[in-house]
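The values are calculated or read from the model by the stated rules, or taken from the named source; none is laboratory data. All values derive from a computational prediction rather than experimental measurement. Glycine gets a Cβ as well: all are built from the backbone with ideal geometry, and neighbour counts include every protein chain shown.
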Amino acid sequence: MATARPAPSWGLLDSVVRLHKVGERTEPDWAVIECSETRAYVTLYNWHDRPDGTSPFRLSPFDGLELLVRVADDPPYPTALSIRLHGDPDKDLKSPLFPPEKPAWFNADEEFSSQGRVFWVSLDKGVLFCDHQDLLSSSSDNVRFSYIALPLGCEVAFDPTFRTANPSKYRTMRCVGDSLRFVSIEGYTTVHSRDMVLCMWTLVIPSSSSSSSSSGDQWRKAGEICVGRLREQEGFKNARLPTHRPPTKPMLSSHEDGVVYFMLSDRHKGEDAAKYIYVFSVNMFTGRFVSSWRLPSSCAPHSDPQFLMGSDILEHIKI
């Protein structure tokens, strides 16, 4: 009889979550994760805007699913997730009803759910959200959305040449309790790394999904620290972190309120890949350096910081 073994303390999570078809044979190395909630929804894209300005995607609710995981024994080989739906994704489609404040061009960089709501985040525009019960209810064919703009001055104009860095490289947003937290490395695309400013804003989520905000007036800046000042702190100096590269890919801690993790690469100009990748954390409430570590060397060639993300999913896996 096989005995349970602890999950690895770190891992690489494949960014692609595959969809197991109903009745498809599951390989032995895929394990089922126990879920307290098995009702779900899927976003379906048709990639064509309609003349009336409605969404190019539809929402499909499901009454059941299984979440599967395949944990890699030897990182940097990635751990993978898969979803097996019990139903047809083209059945019982719902249409979203967007508020007039929503920008005509809206592309979701991050999607997550919290406190009974579902969020689609455009890191250069704002946040669309709706209630879980509206998504999963069978009483209506529509889902009403609300919109919250980013803090004033944080909207990024669309670059048709795609030469500027994607906002997901220097921004993130997550729910913490009943609040939204937005983190941005201000100046990332315009100034030297020492002059960049790490910033965090907090917004209490409106109590009703029928309310929208087209301005950033509800956002409150919760903390900021200039990168140059951060590098002068004793903890940062003692960690001997690279200073020739800017911090990137902020990740909000799910355990320590106000703590944000950032990535650092030691790649020099002209080099194809980094030799090492570092992670360091900052308490954004106090503007103080907290900790740092270097990812295993075997990870660096496989993991551009732009594609890394924080997750506590390994804590919920028994293998």
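Any residue that is modelled with pLDDT of 90 or more, in contact with a strand residue (DSSP E or B) (Cβ under 7 Å, 6 or more places away or on another chain) and not in a strand (DSSP E or B) - is there at least one of those in the range 170-178? The answer is yes, given that some residue of the range 170-178 is modelled with pLDDT of 90 or more, in contact with a strand residue (DSSP E or B) (Cβ under 7 Å, 6 or more places away or on another chain) and not in a strand (DSSP E or B). Check whether at least one residue in the range 184-195 is over 20 Å from residue 253 (Cβ atoms), of a type outside the set (D, E, K, R) and either assigned to a helix (DSSP H, G or I) or touching a Lys or Arg at 6+ places or on another chain (Cβ under 6 Å) (or both), and report yes or no. Yes - at least one qualifying residue is present in the range 184-195. Residues of the range 181-202 include none that is within 20 Å of residue 131 (Cβ to Cβ) and modelled with pLDDT under 95.
Filtering the range 178-191 down to residues that are out of contact with any Cys (no Cβ under 9 Å at 6 or more places or on another chain) and touching a residue at least 40 places away in the same chain (Cβ under 8 Å), which residue is farthest from residue 259 (Cα to Cα)? So the residue we want is 188.
Residue-level analysis places residue 144 among those that are modelled with pLDDT of 85 or more, exposed (fewer than 15 other Cβ atoms within 10 Å of the Cβ), basic (Lys, Arg) and more than 22 Å from residue 201 (Cβ to Cβ). Kindly indicate the residue of the range 158-199 that is within 21 Å of the chain's Cα centre (by Cα) and aliphatic (A, V, I, L, M) and also surrounded by the fewest Cβ atoms within 10 Å (Cβ to Cβ) among those meeting that condition. Among them, the one singled out is 176. Any residue in the range 152-167 that is β-branched (Val, Ile, Thr), part of a strand (DSSP E or B) and at pLDDT 80 or above? No, the range 152-167 contains no residue that is β-branched (Val, Ile, Thr), part of a strand (DSSP E or B) and at pLDDT 80 or above.
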